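Derivation of every value follows stated rules applied to the coordinates shown; laboratory data play no part. Just so it is clear, the model here is predicted, and its values are computed rather than measured. Virtual Cβ from ideal backbone geometry, glycine too; neighbours counted across all protein chains shown.
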2 protein chains.
Amino acid sequence: MSVRAGIIVTGTEVLSGQIADQNGPWVAARLLELGIDVAHVTICGDRPADMLSQLRFLTDERVDLIVTTGGLGPTADDLTVAIVAEYCGRPLHDDPALADAIAAIIRNWRGYLPSAELPVALAAAVAKQAKVPDGATPIPPTGTAPGVALPPRDEIPTILILPGPPHELQKMWPTALTTGELSRVLAQSDDIIHESLRAYGLSEPDLAETLRRAEHELPGYHRLELTTCMRGGELEIDARLPRFAASDYAALKSLLLHEHSTKVFSTDGRTLDDLLADSFAGRTIATAESCTGGMIAARLTDRAGSSAYTLGGIVSYANEVKIGVLGVDAALIGDLGAVSEPVAAAMADGARRVTGADIAVSTSGIAGPGGAVPGKPVGTVCFGLAIDGRQTTTCTRQFPGDRTLVRTLATTFALHLVLDALTR
Amino acid sequence: MSVRAGIIVTGTEVLSGQIADQNGPWVAARLLELGIDVAHVTICGDRPADMLSQLRFLTDERVDLIVTTGGLGPTADDLTVAIVAEYCGRPLHDDPALADAIAAIIRNWRGYLPSAELPVALAAAVAKQAKVPDGATPIPPTGTAPGVALPPRDEIPTILILPGPPHELQKMWPTALTTGELSRVLAQSDDIIHESLRAYGLSEPDLAETLRRAEHELPGYHRLELTTCMRGGELEIDARLPRFAASDYAALKSLLLHEHSTKVFSTDGRTLDDLLADSFAGRTIATAESCTGGMIAARLTDRAGSSAYTLGGIVSYANEVKIGVLGVDAALIGDLGAVSEPVAAAMADGARRVTGADIAVSTSGIAGPGGAVPGKPVGTVCFGLAIDGRQTTTCTRQFPGDRTLVRTLATTFALHLVLDALTR
């Protein structure tokens, strides 16, 4: 049997677009790993009526599990527990043990003695956060807010209430899965496999043509639920399938590899960053970044363990830094402009020289909105790649979009350059 | 009259958590600026039944406008136009002028001559993307996919269909607003004001206490719809109010400034990054980053025009780079460890020296998950701040959360250090 879930993300700051939600995607990914199908993610503000509508919508859609995130804080606009309790017809009661646990956390944070009376503001915050719906299971706080798991009742599915701060939510997740409520949902979930394949430099129309062929030629094609997504210049093809259809997916994979072999760079779910991390084999890398302004170094060092291969880099945003730190010839910049392949080459060579890295990659480009010059429109980026024992190479690419997109596409391109050079 | 909208974000890759959606927040923010209240954002995969459910849900919620994003591509899983057309009972027709416009864009991209026959795959993609529901207004493509605006019909509200790639969507927005369908919705919208106030270092319980006081002391408090959000160590208080309640908001702002004056850093909507950009007054900055690995430099250079004050920086992730490029004394690192205030100070001084910047900020810390040593748990970050003509200062902070959060909080803290030093 297939188990379906819905996720309600709360928070006016998310609804109004001031921040991008991290929790919906994170919870969705975890549920999918557990074989639970996510049907809907809904976002609502801190208004009781809108949240009740979304609870009713997901109930009407007959999902087996609703996960809510956020709205557990101490301020008056944090209403999730009260609204869910009302929706399920479960009055709230005070949980003294939970109140003690929350008070202990706050005392510890603030450096109060265990015996000290809490100030009024904090005592009120504790009392609000220690209310639990009747018949529900509280989940110990990982910040100050406890989570809650509610069993199904009549038409209403199992509901899991989680806190909004992503690190609190993520820390609470394993414990939430061990509650009786969640265990019963998980026991019903099915054997679904997820596969993915990633290509760089492949266009969506070309992929669409191959998929139309697959639809005609592969008898089991209809068993695969496929979605494709273009992002950062990478085209990702995701498949969701019952385990018995594994050979149908294998046939599709063969066809895609046959048609687009040079462009497919991952068939086992590993990302560019995963593959890159495995490609260094003891060699070290440094960056010399102008238009990407540190984004390549930040992305390399985003991984735990990246110190095994990342030495660092130079953000040479200004020409003075290109000249003074990386040793680029000022005359070269004067003659050709900073956005030129010879300068990109000199930057990469300079980064290797000053850091001692085996590999260096460089960017120099026009991220926009200003800065375009004749022959070099916004989106022009020159790259340099210096590798110990090889001739330094350069190339120039033209990226579409606004400043942020140009910088993001250039970062991804630079990392593909390195991966290609290290693995092909 | 208040106009309410709902946003449907489509894409299995968003629903399954593989990517964080940018379009929902962006569209929500634009609608709010236009005085339109966003009631719900819903995310669905590329399954017709789930999308139809969400259209029905928003119709039942009596929103005046539905905006959909994504699902306009050439692959078979891109179904938005067909589903919305079915939902509204408007058959699709071919639009030859639109087909010509799309074909011209593709010819231009691929370098085909205007007279050349397109390959089968591309011709199929063009034909699919040039279908328009009867009675609807197509919006010219900004990538290859056109948008569509559909007038209301019976209970169904006005629907605006936009493409998924954020730069295409954002580029299409101004044109979408000029369609007759959207103009009629906008004409009904109200005079609502948004205000926001940002604090750094203020806790949610302390804010909650002040807000409880405000509720008792300020007669017009109930006219303000307030939401609070803690992110990256910053507490943001947002207010939505009718224009006639402006003096009620002013009273609340006075109270908050009175109670938390040293912690409130913005009362006019400007972010840390906005304020920082305005604080340099001709001075230049460079970074020396270890645990933040380039994130501070990337954030500084994220703004157009940042070359007026950002020279660049050194990502000295490895000790060799701290020593070799920034000139940190190797013995200092040997004696005290790289995560120490004297090393952070030497890094900041080194960054000023090698780049010639007036100001340099440095980070050296333990982002985790490994690397903790006795007395320096994961989350420990030392900061250095060197400013021309002043004594270099240092401090150490302990941040909660995982590697990504520690790096993000440290980046925000470093920028607050600079802002404080330049403005107080």
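Distance from the C-alpha centroid of region B:94-165 to that of region A:85-109: 54 Å, rounded to the whole angstrom.
Helical runs assigned H by DSSP (4 residues or longer) give the protein assembly as shown a calculated mean residue ellipticity at 222 nm of -12000 deg cm²/dmol, each run adding -39500 (n - 2.57) before division by the residue total.
Amide H contacts under 5 Å for B:Gly147: B:Ile139, restricted to partners 5 or more places along the chain or on a different chain, H placed in the peptide plane at 1.01 Å from N. Less than 10 Å Cβ to Cβ from A:Met230, Lys/Arg counted +1 and Asp/Glu -1: what total charge do the surrounding residues give? So the surrounding residues net to -3. For A:Trp109, B:Trp26, the sequence from fewest to most other C-beta atoms within 10 Å is A:Trp109, B:Trp26. Placing a label point 7 Å from Cα along the Cα-to-Cβ axis, B:Pro374 is separated from the same position in the other copies by 7.0 nm, shortest listed first. Across identical copies of the chain, A:His222 has label-point separations of 6.1 nm, listed in ascending order, with the point defined 7 angstrom from Cα along Cα→Cβ. All C-alpha to C-alpha distances of region A:312-352, sorted into 5 Å bins beginning at zero, yield P(r) values of 6, 28, 41, 20, 4, 1 percent in whole numbers.
Rounded to the nearest 10 degrees, the inclination of helix A:48-60 to the longest alpha-carbon principal axis of chain A is 90 degrees. Placing +1 on each Lys and Arg Cβ and -1 on each Asp and Glu Cβ, with no other charges, gives the protein assembly as shown a dipole about its Cα centre of roughly 1520 debye. With K and R counted +1 and D and E -1, the other residues having a Cβ less than 11 Å from that of A:Leu32 yield a net charge of -1. Which one of A:Ala101, A:Leu65, A:Gln54 has its Cα pushed farthest toward the positive end of the charge dipole of chain A, where Lys and Arg give +1 and Asp and Glu give -1 at the Cβ? Value: A:Ala101.
Each Cα pair under 8 Å and six or more residues apart adds its sequence gap; the mean of these over the residue count of region B:328-424 is a relative contact order of 24 percent. For the rotational copy relationship between A and B, the axis lies nearest to a chain A beta carbon, identified with its distance in whole angstrom as A:Gly294, 2. Reported value for region B:229-272: 76 Å³ per residue, from the convex hull of its C-alpha atoms.
Volume of the convex hull of region A:13-141 (Cα atoms only), normalised per residue: 140 Å³.
In order along region B:22-27, phi translates into HN-Hα couplings of 9, 6, x, x, 5, 5 Hz, rounded to whole numbers, per the Karplus curve 6.51 cos²θ - 1.76 cosθ + 1.60 with θ = phi - 60° and x for Gly and Pro. Close amide-amide hydrogen proximity is noted between B:Val3 and B:Asp37, B:Asp190, each under 5 Å apart and 5 or more residues distant or on a separate chain (H modeled in the peptide plane; Pro and chain starts excluded). Normalised by 2.2 N^0.38 Å, where N counts its residues, the alpha-carbon radius of gyration of region A:21-91 equals 1.14. In percent, rounded to a whole number, the relative contact order of chain A is 10, using alpha-carbon pairs under 8 Å and six or more apart. Rounded to a whole number, what is D in µm²/s for region A:192-269 from Stokes-Einstein with the Kirkwood radius over alpha-carbon pairs (25 °C, 0.890 mPa s)? Approximately 198 µm²/s, per Stokes-Einstein.
A Cα-only calculation for the protein assembly as shown places Rg and Dmax at 27.5, 85 Å. Ranked from largest, the principal axis spans of the Cα set of region B:273-423 equal 42, 31, 22 Å.
Ranked by how many other Cβ atoms sit within 10 Å of their own Cβ, fewest first, the residues A:Thr158, B:Thr178 fall in the order B:Thr178, A:Thr158. A straight line joining the Cα centroids of region B:327-386 and region A:266-283 runs 30 Å.
Working from Cα positions, state the angle (0 to 90°, nearest 10) between the long axis of helix A:120-129 and the longest principal axis of chain A. Once rounded, the angle reads 80 degrees.
Residues in region A:251-258 carry Karplus couplings, in order, of 5, 5, 4, 4, 4, 4, 5, 5 Hz; the curve used is 6.51 cos²θ - 1.76 cosθ + 1.60 with θ = phi - 60°, and Gly or Pro positions show x.
Net charge of the neighbourhood of B:Ala351, taken over other residues with C-beta under 12 Å away and scored Lys/Arg +1, Asp/Glu -1, is 0. Placing +1 on the Cβ of every Lys and Arg and -1 on the Cβ of every Asp and Glu, with nothing else charged, gives chain A a dipole about its Cα centre of roughly 760 debye.
Taking the empirical scaling 2.2 N^0.38 Å for compact globular proteins as reference, region A:312-387 has a Cα radius of gyration ratio of 1.05.
Shown in residue order for region A:167-177 are the 3J(HN,Hα) couplings computed by the Karplus curve 6.51 cos²θ - 1.76 cosθ + 1.60 at θ = phi - 60°: 6, 5, 4, 5, 6, 7, 3, x, 5, 4, 5 Hz (x for Gly and Pro). Multiplying each eigenvalue of the alpha-carbon gyration tensor of chain A by 5 and taking the square root yields semi-axes of 47, 31, 19 Å, largest first, rounded to whole angstroms. Roughly what angle does helix A:96-110 make with the longest principal axis of chain A, taking Cα atoms, 0 to 90 degrees, to the nearest 10? In chain A, helix A:96-110 runs at an angle near 40 degrees to the longest axis.
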